[in-house]
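The values are calculated or read from the model by the stated rules, or taken from the named source; none is laboratory data. Keep in mind the model is a prediction, meaning the values are calculated, not measured. Neighbour counts are summed over all protein chains in view; Cβ atoms, including those assigned to glycine, are modelled from backbone coordinates with ideal geometry.
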Amino acid sequence: MNPESISTFPVRIRVVLADDHKMILAALRSLLAKESDIEVVGDAADGHALLELAGRTAPDVAVVDIGMPSMNGIEATQQLLAVHPALKVIALSAYSDRRFVMEMLDAGARGYLVKASAGDELPRAIRAIMQGRTYLCPEVAGTLVEAARGKARGEPTAQLSRRERDVVALLAEGHSSLVIGERLHIAGSTVEVHRRNIMRKLNLHSIAELTKYAIREGLTSP
């Protein structure tokens, strides 16, 4: 038996899983079934079903996908912990973008794993958070370290409004002010005002620099 599989807890750790992909749920169930100290007591395909499931099964840990339909993992985590404050949440995502990581941690998650590393990391993460620790997989830890280094180098860290973040994402994807205005239901001239304000806030001087910022902050994909 793997030494890491030896439980330090008197009973099995009760876990619920939430993901809208059946194959991922099946893979996670199969993975955790090999652990003698962990028991999967249910799974859900969206945030609403997860809330109902947690109420029925009283789990110790919820493993929550961020990108679920109807209610995403961030909203589900907030609502779960409002009702079940002792529950511990591990975020599961295909992405390690700083924005997603920080929003899940701010919502109350105690761990964050990218799906590609779940096979190696999930049992370890469950045990770690049950011991009162925070668990970040190496990819996520690296993202946060890079963000901290950027802050230390004096790179832009100004806070943008939700609308400004939307404008940044669309600009970085190469859309014109007219198209962005149509997408956001605002005038093209208003988009230009937002663009100038964003560049001034972030002390950036070109769309290329703005695109790099958007990628680093997880507002758009490379």
Which pairs have Cβ atoms under 6 Å, sit 6 or more apart or on different chains, and link a residue in segment 71-91 that is of a type in the set (Lys, Arg) to one that is part of a loop (DSSP other than H, G, I, E, B)? Lys88/Arg110
Kindly indicate whether any position in segment 87-103 is touching an Asp or Glu at 6+ places or on another chain (Cβ under 6 Å), crowded, with 22+ Cβ neighbours inside 10 Å and closer than 26 Å to Arg165 by Cα. yes
Scan segment 10-32 residue by residue and report those that are among the β-branched types (Val, Ile, Thr) and more than 18 Å from Met130 (Cβ to Cβ). Ile24
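Of all residues being outside any helix (DSSP H, G or I) and in contact with a Phe, Trp or Tyr (Cβ under 8 Å, 6 or more places away or on another chain) in segment 179-218, which is farthest from Glu103 (Cα to Cα)? Just the residue, please.
Taking segment 179-218 and keeping what is outside any helix (DSSP H, G or I), we get 185-187, 203-206, 217-218.
When the remaining residues are screened for being in contact with a Phe, Trp or Tyr (Cβ under 8 Å, 6 or more places away or on another chain), the result is 204, 218.
Values: Leu204: 25, Gly218: 11 Å.
The selected residue is Leu204.
I'm trying to understand the selection: among the residues of segment 190-222, which are among the polar types (S, T, N, Q) and surrounded by 14 or more Cβ atoms within 10 Å (Cβ to Cβ)?
Result: Thr190, Asn197, Thr211, Thr220.
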Among Asp60, Asp120, Asp106, Asp97, the single one that is at pLDDT 90 or above and among the acidic types (Asp, Glu) is Asp60
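Please tell me if Glu146 is modelled with pLDDT of 80 or more and assigned to a helix (DSSP H, G or I).
no
So that you can scan it fast, the table gives a plain yes or no per residue for (1) farther than 20 Å from Val140 by Cβ; (2) not in a loop (DSSP other than H, G, I, E, B):
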| site | (1), (2) |
| --- | --- |
| Leu50 | yes, yes |
| Val64 | no, yes |
| Met68 | no, no |
| Thr77 | no, yes |
| Arg99 | no, yes |
| Asp106 | no, yes |
| Ser117 | no, yes |
A careful count of residues in segment 52-62 that are in a helix (DSSP H, G or I) and in contact (Cβ under 8 Å) with a residue 12 or more places away in the chain gives 5
